[in-house]
Every structure is written in structure tokens, then in C-alpha cells.
1. Accessible area per residue of segment B:2-232 at 1.4 Å probe, in Å²?
2. How about A:K266: which lysines have a C-alpha closer than 17 Å to its C-alpha, ignoring those fewer than 8 places off in the same chain?
3. Could you tally the net charge around A:I65, taking each other residue with its Cβ under 14 Å from the Cβ of A:I65, Lys/Arg +1 and Asp/Glu -1?
4. With a/c under 1.5 counting as rounded, go ahead and sort segment B:45-202 into rounded, prolate or oblate using the C-alpha gyration tensor (a ≥ b ≥ c being the square roots of the eigenvalues; past the cut-off, prolate if a/b is larger than b/c, else oblate).
5. Take the solvent-accessible surface of the protein heavy atoms, probe 1.4 Å, and return the percent of it on chain A that carbon and sulfur atoms account for.
6. Straight-line reach only, C-alpha to C-alpha below 28 angstrom: list the lysines that B:K40 could link to, leaving out same-chain residues fewer than 8 apart.
7. List the GluC sites (Glu not before Pro) in segment B:36-130 that DSSP assigns to loop (not H, G, I, E or B) and whose Cβ has at most 14 other Cβ atoms within 10 Å. Which are they?
8. Which of A:V143, A:V183, A:V126 moves most in a GNM of chain A, Cα contacts under 10 Å?
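The values are calculated or read from the model by the stated rules, or taken from the named source; none is laboratory data. Given the structure is predicted, the values throughout are model-derived calculations rather than measurements. Because the Cβ atoms are built from the backbone with ideal geometry, glycine has one as well, and the counts that use them run over all protein chains shown. Quick note on the areas: whole protein, heavy atoms, side chains included, nothing else; ligands and nucleic acids left out. Shrake-Rupley method; radii C 1.70, N 1.55, O 1.52, S 1.80 Å.
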Amino acid sequence: MLPIEFYFDAAIKGLLTGSVYAMLAVGLSIIFGVMRVVNFAHGEMLVAGMFGAYLVFVTLGLDPILAIPIVALVMFLFGVALQRGLIDRFITAPEHQQFLVLIGVALILTNGLDMIFGPDARNVQVPYAFASFEVGPFFLDNVRVYSAIAALALIALLYLFFNHTLTGKAIRACADNNRGAQVVGLNVSRLYAITFGIGAACAGAAGCLLIMVIDVTPHLGADFTLLAFTIVIIGGLGSMTGALLGGLLIGVSEAMAGILIQPSLKSSFSFGLLILVLLLRPNGLLGKRSS
Amino acid sequence: MLTIEAVDLHYGDAQALSDVSLTVEEGEIVAIIGANGAGKSSLISTIAGIYRPTRGRITFEGEDITGWPSHLVCDLGIGQVAEGRQIFPSMTVRENLEMGAVIPRARKLAASTMERVFTIFPRLAERVRQDAGTLSGGEQQMLAIGRCLMGQPRLIMLDEPSLGLAPTIVQEVFRIVHQLNTDGLTVVLVEQNVVGSLKLADRAYVLENGQIAMAGSGRALLDDDRLRQAYLGL
Ligand SMILES: Nc1ncnc2c1ncn2[C@@H]1O[C@H](COP(=O)(O)OP(=O)(O)OP(=O)(O)O)[C@@H](O)[C@H]1O
Ligand SMILES: [Mg+2]
């Protein structure tokens, strides 16, 4: 490989991983955009999704990509129940109270998973784990290519949902003008429950895709919450396209850090990017200027 | 049609409505007037189920709806054009109208009602794809009224529909309110334009500091010396 191809190779891998990050971040962004709640348990939900896919794999022998509908549905119902039973009561509470509630949820999820699965690392080996496509001088892992396709397809599906279904538009209306939503008689708390469910399902789906490339332990959650948060801030709070762009960008930056410095420094690269964006565009790349 | 009995409303410790009672009969136009901060918008929001009264009873067609959430109140046929228009600025005109018809009572009729809204407000028809936030103030007000009609209301509450509009547009809004009433809608109208709304109204209530201070027919209140002094400076 030529040196330049070496970078291209890293960039492509970064884009593929970044699509999965984007899937995760889109969920966080949707929840924040509509409900103005930061889901501090988002990474833990991703980890729950990873364990879910693991469980489906060892019991049913199902490929994690095919497990997405099951895991996403379970996580959706979990999100709906969580919003209905707990978060709805804190929707108008000051932010520090919401923060504590969601940190509590994160702790319960982490320790619950620890109790059920123990602290050992688990993984899922799909039959095509070591296969790759050869495209010109590049070798692309099948796993990453399939994951990226699945993630982008799901993001496209969400886009269609929000722009072409009545429920999706109603959720956007809540985000756009909450009082207006009440005025026209939208059932705001029901729409919030659906929104939180969708956000949790995004995290769960991303978990199904990540379990194929990294081992899962119950304590991974916090790092991924931070990752998703970084992506959403870089892309612009509440913007779905921003989350997609931010995810791809972070994926590429991590991959570049891996070859330019050393892999263990990849998150400092991401935070450097975050600081840069905050300095140059405080509202994120695609964020609206706050009035 | 609508009865409000001895309603109190508090925001935390502050009392916004105190012992408010009023009735609206089917087919009427009832005006509610009062100074800034008198509690007019609070009253509208309380009827709509956005705020929950701390005391008293609200009934609509004999059904006790006190404390019902807004989506159920809307679905009974109580629509409102809220203070500040409350449109969805980053959604298109068409999407805004669609949102007016999400409530179950209106969903099936959405397409035909939208046609009707476009005949009342041809300007909206020309701008279906435009983001509502980029409409002019008058167009936004038309959109707010149109969106309310999408919900098949039987009673429509308008909170200062003429605010910020040029005099000719105000005349137009009043004409439309009158027309809607003639077509069978019952109307509750909150207005700063005291003369205009009293002329239009069958009956009116005057709110002062959260209490009903006067009530009577629109004509009688227009001739009332105390009201003329307080609100018209005559
Ligand atoms: N959400 C709220 N929280 C606390 N106080 C409120 C709230 N909404 C209104 N108030 C207070 O209640 C009182 C009545 O307000 P309201 O908006 O009902 O008056 P209004 O008659 O509609 O006035 P205007 O003509 O200016 O629209 C005011 O003193 C106002 O400050
Ligand atoms: Mg008001």
C-alpha cells in the first residue's frame, strides 16, 4: 500500500465505524431535541443492547444484525416504560434533578447487567468475522460493511418516520413548539414516551452492531454515553443530520488517531475535535443559533 | 354549552383567577375583555386543559371536564387560537395544518377541511410548502385560525387574534370570526380591541385582577360609563 492509501484505508474504516456511532448518537439527539432531556443512561442502554444481541446469539443462534428487530423492540418498550413510569415526573424539573435520575438509571442498568452476566468480557463471533471485501487496494471487513449498511438504513428509516408519518410529524411538532402541541391537542406525554422509546431502540440497535467488533462488559456504558454526547455536541444539539455527521467525523478521527499517534489516544483526539468545534462553532456544526 | 363555576387558578403562590363563573351558550359570540395581566389568557388555558384549576368546576355539554388534559378537551370540540399564535415555526404550512387534525375527532376529515381552510385563506394555499416561521404576522394568524379549524371545533376560543395586525387585516379577522359564527361555531373572543369585540359579541365579561367585574350584552357594556372610562378613556 502507498502511504496515501494507508490514510484512505483508515478513513474508510473510520466512516464504517462512524455510521454505527451515528446510530447511537441519533438516539441521544432525538431524545434531547424533543424532550430537552439528556439521556445520561444512553451508553448503558447501548451495553444492554450488546448483551441483548449476545443473548439472542447464544440462545437462538441468530446473527446480531438479524437480532436488531428483537433487541430494538425490547429496548423501545423499556424506553416507553421508563418515560411513563419515571422520567415523565421529572420532565419540568430542573436539569440537575433530571441528571441525577438518569445517572440512577445508568447505575441500575450497569449493576443489573453485572448481576446477570458477571464482569467477564463476552463477544459474538459471526461466521464472516474474518472475511473481507477487496476493493482496489483496500480490504474492508464484512462485519464493518454490513454494520454500516444496517446503521445507515435504520437512520434513513427514522428520517422517513419523522417526515412522512403523522406520529413522526407530531413528535417534531412537540419539539418545535411544546405549547403549540398542547394547543392543538397532541397527547404530548404519549409522544414523549414514543420518543424515549425510539431513542432507547437506537442505542439497542447500535449495541447489536457493536457486539460484532468489540467485547462487551457491563461497565462500558459511561464511555459510550460520553462518546454519544461528544458526537451530538459536535453535530449540533437536537439535529439528526448533525448527529450523523458528528458520528462519521468521530469515527474517522478515531481511526486517524489510531495510525497517527496510538490507538489508546483516540478519545483524546475526539475531545480535541470537540474543543475545536466548540471554539469555532459553539452550536455545533449543524446546530441552530440559539436566539 | 360551556359552564364555568367558581374557578380559581394559582401559579405557585400567585393567584391568577379567583371565583370566576361564566357561561357560553351554543351559537353565541362571547367576548372577554380586561387589562394586561387580568387573567384572560389564563382563563382560556384553564378551559383548554393546559392549566388545572385549583378550585371550581368546568362543564361542557353537561360533561364535567375539570382537570382533563388538553388532548381530551380538544377532542370534545373545544379549539383555541392561543395567545402568540403558537404555530410550529420550522414545519411547513401544510404540516402545521395537519397537526391541527391529529385529534381522533378530526383525523378522517383532514383532507376536506384543509380544502375549506384554503378557500377561507387563499394565501395559505399559495404557501403550503413554506416554513411557518417565515410567514408574515398576519399570515401566521391565518394559519393559527386555520389550524384550529382543522380540529373540527364546535367552540372556538380566540386569544387576541388581532394582535400586531394592520387595521385592515384586523377588520378581515373580525369578519372571518363573524362568518365562522354564522356558519355555526360558538366563539369566545379575547380582545384588546374593546370596541370592535363588543360590537361583534352577543355578550361580554370584564375581567379585573382575575375576577369577573362586569358582565352583560355587548351593546350594554359599550354604553356603560364605568367601562368606557376604564377601557376607552372616554
Ligand atoms: N405560566 C405562568 N406562571 C406564573 N404566572 C403567570 C403565568 N402565566 C400568567 N401568569 C400571571 O398571571 C396573571 C394573568 O396573566 P394572563 O396572561 O392570564 O393575563 P392576560 O389577561 O391574558 O394579559 P394580556 O392582556 O397581557 O395578555 C399575570 O399576573 C401573569 O403574570
Ligand atoms: Mg393574554
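1. For segment B:2-232, the solvent-accessible area averages 42 Å² per residue.
2. A:K13
3. In short, -1.
4. Note, shape of segment B:45-202 comes out oblate.
5. Summing carbon and sulfur atoms, their accessible area is 69 percent of the total for chain A.
6. The qualifying lysines are B:K199.
7. B:E61
8. Comparing A:V143, A:V183, A:V126 in a Gaussian network model of chain A, the most mobile one is A:V183.
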